[in-house]
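Right, one structure below, let's go through it.
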Amino acid sequence: LVLALFMALEQLEIAQDIVLVAFIAVVGAASLAAGIAFGLGARDIAAQLTREWYERSRQRDRRRPEPRAEPAHGEPVGPPPPPPAVPPSEKRDGEGHVAG
């Protein structure tokens, strides 16, 4: 009924800005009233829902792998660097000496 009234006032082009603001205020007030009614009337159910959400999030966090500890000072991080590239003109034997 309220929606029909606001639609009729908009079609009649009677203070369209005021009608829009009033409609938003009515919808906002109804939403706020519903939220407060749920919060007060179903306090136990709301507490149970939030408790379940909290427990689920804690279980999910426990399943995640622990982050690795930081390396000690001076300890290399990651794989060792590759050996330096040898130009083709310097062939090396199995012991790393220049062959030739």
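Note on residue 34/residue 13: beta-carbon distance plugged into 1/(1 + (r/R0)^6) with R0 of 30 Å gives a FRET efficiency of 0.45. For the pair residue 62 and residue 22 in one chain, pulling the backbone fully straight at 0.36 nm per residue adds 9.5 nm over the alpha carbon distance.
Throughout, read-outs are computed from the coordinates displayed, never taken from laboratory work. Computed from a predicted model, the values in this text were never measured in an experiment. Every residue, glycine among them, receives a Cβ derived from its backbone with ideal geometry; neighbour counts consider all protein chains shown.
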